[in-house]
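Heads up, the thing below is written out as structure tokens.
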Amino acid sequence: MEKTNKYLKELFGLDGKKVLVTGALGQLGKVMCQGFLDAGSIVIGTDLDLDQKKFIKDDNISYYSLDITSKPSVENLFKKYSSIDILINNAGVSTFEPFEDRLEESFDWVSDVNLKGTFLCIQEYFKHQKNNKCGNVVNIASIYGLISPDPKMYKKGDRKNSEVYGATKAGIIQMTKYFAVHLAEKNIKVNAISPGGIFNTENPQSEYFIGEYSRRNPMGKMAKAEEILGAVLYLASDASSYVTGHNLVVDGGMSCW
């Protein structure tokens with residue numbers, strides 16, 4: 001038993017690993033930060049607006065304001081650390097007005113945060129880690145980078161998922177494959193996770209949407225944010241040492257049909 005426990009600890013162990021999480025104060029970001037803390041990691045939590053009421057009270061987490069769409073902002077953050085073991089590109093936004101009313105500014109904003117922001121973080125992480133010849137990047141994509149949301153799931157007033165959100169998440173999946181190939185020689189893994197619909201505890205979706213989404217899902221429900229955590233910890237750990245360029249779909253089977 002002791003030998004088994006030692007093996008599993010070596011395989012999945014994240015104790016002492018330095019982990020940077022973008023979008024750390026969002027629902028999924030906060031769950032990931034807590035998960036890494038519980039695993040013994042040292043967490044660097046970043047977000048655009050730092051609301052201290054959302055901070056996790058723990059000596060092993062530090063928070064920084066970060067605008068991932070700004071190259072100087074990203075560069076300045078990475079200068080604070082000599083090495084970062086794991087980068088979690090979680091920060092992302094969407095826009096919800098009907099597509100025929102989509103403002104150019106809204107389209108650009110989602111593109112800048114989701115695509116350019118992810119790119120700038122990976123670019124700087126590579127510069128930061130290439131001489132260390134090790135690293136691990138986990139990008140948070142979405143099933144809507146793979147499939148289209150069914151418009152019949154929404155009633156008037158619901159937050160309808162947008163074409164630009166799906167396009168940027170598809171871009172993140174492709175960017176994951178690109179960087180998995182181009183960073184492999186420096187021993188940096190790059191993978192993605194595509195969650196399905198996550199129930200929003202702070203700003204819940206409408207009862208109609210929850211019912212319609214759940215009816216279409218093989219597992220009959222929306223995800224809890226905590227149900228994405230296992231995939232994140234797996235890709236962040238040595239248990240996935242021979243996995244790169246992969247998009248791990250965690251959607252209750254939603255994308256199977």
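The values are calculated or read from the model by the stated rules, or taken from the named source; none is laboratory data. Here the structure is a predicted model, which is why all the values come from computation and not from measurement. With ideal geometry, Cβ positions are generated from the backbone for all residues, glycine too; neighbour counts draw on all protein chains shown.
Filter region 206-231 down to residues that are assigned to a loop (DSSP other than H, G, I, E, B) and closer than 20 Å to residue 25 by Cβ, then give me how many there are. Step through it out loud before you land on a result.
Initial filter on region 206-231 (assigned to a loop (DSSP other than H, G, I, E, B)): 206, 217-222, 224-225.
With the extra rule that they be closer than 20 Å to residue 25 by Cβ, the set shrinks to 224-225.
Of the residues in that region, 2 qualify.
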Count of residues meeting criterion [touching a strand residue (DSSP E or B) at 6+ places or on another chain (Cβ under 9 Å) and in contact (Cβ under 8 Å) with a residue 60 or more places away in the chain] in region 195-226: 3
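Residue by residue, here is whether (1) free of Cβ contacts under 8 Å to residues at least 60 places away in the same chain; (2) over 30 Å from residue 9 (Cα atoms) holds:
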{"site": "26", "(1), (2)": "no, no"}
{"site": "36", "(1), (2)": "no, no"}
{"site": "49", "(1), (2)": "yes, yes"}
{"site": "58", "(1), (2)": "yes, no"}
Specify the residue that is farthest from the chain's Cα centre (by Cα); the eligible residues are those in region 88-115 that are among the polar types (S, T, N, Q) and farther than 30 Å from residue 14 by Cβ. 106
Count - residues of region 96-106 that are closer than 24 Å to residue 155 by Cβ and either at pLDDT 95 or above or part of a loop (DSSP other than H, G, I, E, B) (or both): 6
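Could you count how many residues in region 93-123 are among the β-branched types (Val, Ile, Thr) and closer than 18 Å to residue 160 by Cβ? Spell out how you get there, then give the answer.
Just the residues of region 93-123 that are among the β-branched types (Val, Ile, Thr), to begin with: 93, 95, 110, 113, 118, 122.
After this cut, where a residue has to be closer than 18 Å to residue 160 by Cβ as well, the list is 93, 95, 110.
Number satisfying all stated conditions: 3.
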When you go through 152, 156, 133 one by one, which is the residue that is part of a helix (DSSP H, G or I), surrounded by fewer than 17 Cβ atoms within 10 Å (Cβ to Cβ) and basic (Lys, Arg)? 152
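Here are some residues: 17, 53, 79, 6. Which one is surrounded by fewer than 17 Cβ atoms within 10 Å (Cβ to Cβ) and under 24 Å from residue 237 (Cβ atoms)?
Numbers: 17 fails: surrounded by fewer than 17 Cβ atoms within 10 Å (Cβ to Cβ); 53 fails: under 24 Å from residue 237 (Cβ atoms); 79 fails: under 24 Å from residue 237 (Cβ atoms).
Answer to the selection: 6.
For the condition among the aliphatic types (A, V, I, L, M) and part of a helix (DSSP H, G or I), what is the one hit in 138, 93, 113? Can you show your working first?
Numbers: 138 fails: part of a helix (DSSP H, G or I); 93 fails: part of a helix (DSSP H, G or I).
Only one candidate passes the filter, namely 113.
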Of those in region 171-182 that are touching a helix residue (DSSP H, G or I) at 6+ places or on another chain (Cβ under 8 Å) and without any contact (Cβ under 8 Å) to a residue 60 or more places away in the chain, the residue surrounded by the fewest Cβ atoms within 10 Å (Cβ to Cβ) is 171
Complete set of residues in region 1-60 that are modelled with pLDDT of 95 or more, among the aliphatic types (A, V, I, L, M) and over 26 Å from residue 194 (Cβ atoms): 42, 50
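Which residue out of 44, 68, 88 is assigned to a loop (DSSP other than H, G, I, E, B), touching a strand residue (DSSP E or B) at 6+ places or on another chain (Cβ under 8 Å) and β-branched (Val, Ile, Thr)? Full working, then the answer.
Details: 44 fails: assigned to a loop (DSSP other than H, G, I, E, B); 88 fails: assigned to a loop (DSSP other than H, G, I, E, B).
Sole residue among the options that is assigned to a loop (DSSP other than H, G, I, E, B), touching a strand residue (DSSP E or B) at 6+ places or on another chain (Cβ under 8 Å) and β-branched (Val, Ile, Thr): 68.
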Right, residue 125: hydroxyl-bearing (Ser, Thr, Tyr), surrounded by 21 or more Cβ atoms within 10 Å (Cβ to Cβ) and either within 19 Å of the chain's Cα centre (by Cα) or part of a helix (DSSP H, G or I) (or both) or not? yes
